[in-house]
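Peer 1: I'd like to ask you about the structure that follows.
The values are calculated or read from the model by the stated rules, or taken from the named source; none is laboratory data. Since the structure is predicted, the reported quantities are computational estimates derived from the model, not experimental observations. Virtual Cβ from ideal backbone geometry, glycine too; neighbours counted across all protein chains shown.
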């Protein structure tokens, strides 16, 4: 899979393609259906298959404030997209100037004149162009004018609920990890660098890696304790993650810290990935440090039994 960073590069390396277009935040099951439709059409036409997406997420440029939390920063998005049998991903820089391009002008200049696409696949709620005025209906009219074919993929449902990025953000914000994974089709994960903390974990006999998340816009699930899997280089360990403010010690700043089971070594300044498996409990203030140690021990035991298979 080639990663292309400009329309000009895509025009030179992947002309006449079938394209799947969207923000693809989360690369969830609904996004997968769009991409698989594009793959099927490209195979039928013997044409290249290219995903077109944007960086950063448009809502971070023109959206509401505070900014929309993101499920998959671009690095993670590209990693997930690489699992599909596609030829290329075109990552279009989303800037204030780009946001002001009228929808029809964008389609003609990019999809028709530059990329010379054969077909385009989008989701049912796809919007584009200035103020999001472009939609699947406009694409249909423009396709008749410029000679390409439009496919609109209808929503995917899981347990009667439509799969979309907004719904996944909502359930993660409530700590519903299993529900989010069912809609994503893969574990929700965050990535960051291990930084020095105050050493309380070691003092409690459960040393923790304090995670400074790479992307400040990434969604952090609801405060609490989670069973997780931790990627350290090529190895994967089980772990217990705490997201919260350490209320037992009277702190107010939110931290993400993970105790990695059966791990010895120095992780400072290393990048790790934390995949969420299940939520164990809410964050809680304990009356004594000993009570907190007892609870952490129970959390570790719960996680060990949950992830030992």
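Peer 1: Among the residues of the range 234-246, is any buried (at least 17 other Cβ atoms within 10 Å of the Cβ) and at pLDDT below 90?
Peer 2: Checked the range 234-246: at least one residue is buried (at least 17 other Cβ atoms within 10 Å of the Cβ) and at pLDDT below 90.
Let's see how each residue does on (1) under 26 Å from residue 236 (Cβ atoms); (2) modelled with pLDDT of 95 or more:
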| position | (1), (2) |
| --- | --- |
| 122 | no, yes |
| 132 | no, no |
| 155 | no, no |
| 172 | yes, yes |
| 190 | yes, yes |
| 198 | no, no |
| 201 | yes, no |
| 206 | yes, no |
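Peer 1: Also, quick follow-up: Looking at (1) farther than 30 Å from residue 267 by Cβ; (2) crowded, with 19+ Cβ neighbours inside 10 Å; (3) under 24 Å from the mean Cα position of the chain (by Cα), which is the only condition residue 181 fails?
Peer 2: Going through (1) farther than 30 Å from residue 267 by Cβ; (2) crowded, with 19+ Cβ neighbours inside 10 Å; (3) under 24 Å from the mean Cα position of the chain (by Cα) one by one, residue 181 breaks only (1).
Peer 1: Separate question: Can you pull out the residues in the range 251-307 that are in contact (Cβ under 8 Å) with a residue 40 or more places away in the chain, assigned to a loop (DSSP other than H, G, I, E, B) and closer than 27 Å to residue 233 by Cβ?
Peer 2: Matches in the range 251-307: 261, 267, 268, 269, 270.
Peer 1: On to the next question. Give the range 266-283 a look and list any residue that's over 24 Å from residue 186 (Cα atoms) and touching a helix residue (DSSP H, G or I) at 6+ places or on another chain (Cβ under 7 Å), or say none.
Peer 2: Once the filter is applied, which keeps residues that are over 24 Å from residue 186 (Cα atoms) and touching a helix residue (DSSP H, G or I) at 6+ places or on another chain (Cβ under 7 Å), the range 266-283 yields only 283.
Peer 1: While we're on this one: Please verify whether residue 150 is in a strand (DSSP E or B), surrounded by 14 or more Cβ atoms within 10 Å (Cβ to Cβ), within 17 Å of the chain's Cα centre (by Cα) and not assigned by TED's automatic domain parsing to the domain that holds residue 296, treating the condition exactly as stated. Walk me through how you get there before you give the answer.
Peer 2: Numbers: in a strand (DSSP E or B): yes; surrounded by 14 or more Cβ atoms within 10 Å (Cβ to Cβ): yes; within 17 Å of the chain's Cα centre (by Cα): no; not assigned by TED's automatic domain parsing to the domain that holds residue 296: yes.
In short, no.
Peer 1: Moving to a separate point now. Scan the range 163-183 for residues that are farther than 22 Å from residue 227 by Cβ and touching a helix residue (DSSP H, G or I) at 6+ places or on another chain (Cβ under 8 Å) and jot them down.
Peer 2: First, pick out the residues of the range 163-183 that are farther than 22 Å from residue 227 by Cβ: 163-167.
Listed by number, the residues that qualify are 163, 164, 167.
Peer 1: Given the structure, is residue 21 surrounded by fewer than 18 Cβ atoms within 10 Å (Cβ to Cβ) and modelled with pLDDT of 95 or more? Explain how you work it out, then say what you get.
Peer 2: Values: surrounded by fewer than 18 Cβ atoms within 10 Å (Cβ to Cβ): no; modelled with pLDDT of 95 or more: yes.
The answer is no for residue 21.
Peer 1: For the range 35-67, which positions are without any contact (Cβ under 8 Å) to a residue 40 or more places away in the chain and surrounded by fewer than 20 Cβ atoms within 10 Å (Cβ to Cβ)?
Peer 2: Scanning the range 35-67 gives 40, 43, 44, 46, 55, 59, 61, 62, 63, 64, 65, 66.
Peer 1: Next question, about the same structure. Can you say whether residue 83 is within 22 Å of residue 156 (Cβ to Cβ) and in a loop (DSSP other than H, G, I, E, B), as far as the supplied structure shows?
Peer 2: On the way: within 22 Å of residue 156 (Cβ to Cβ): yes; in a loop (DSSP other than H, G, I, E, B): yes.
Spelling it out, residue 83 is indeed within 22 Å of residue 156 (Cβ to Cβ) and in a loop (DSSP other than H, G, I, E, B).
Peer 1: Checking residue 11 against (1) over 24 Å from residue 109 (Cα atoms); (2) touching a residue at least 12 places away in the same chain (Cβ under 8 Å); (3) assigned to a helix (DSSP H, G or I), which single condition isn't satisfied?
Peer 2: (1)
Peer 1: Do we have residue 51 as assigned to a strand (DSSP E or B), closer than 26 Å to residue 188 by Cβ and not assigned by TED's automatic domain parsing to the domain that holds residue 273 here?
Peer 2: Yes.
Peer 1: Select, from 107, 121, 171, the only residue that is in a strand (DSSP E or B) and crowded, with 18+ Cβ neighbours inside 10 Å.
Peer 2: Values: 107 fails: in a strand (DSSP E or B); 171 fails: in a strand (DSSP E or B).
121 is the lone residue from the list that is in a strand (DSSP E or B) and crowded, with 18+ Cβ neighbours inside 10 Å.
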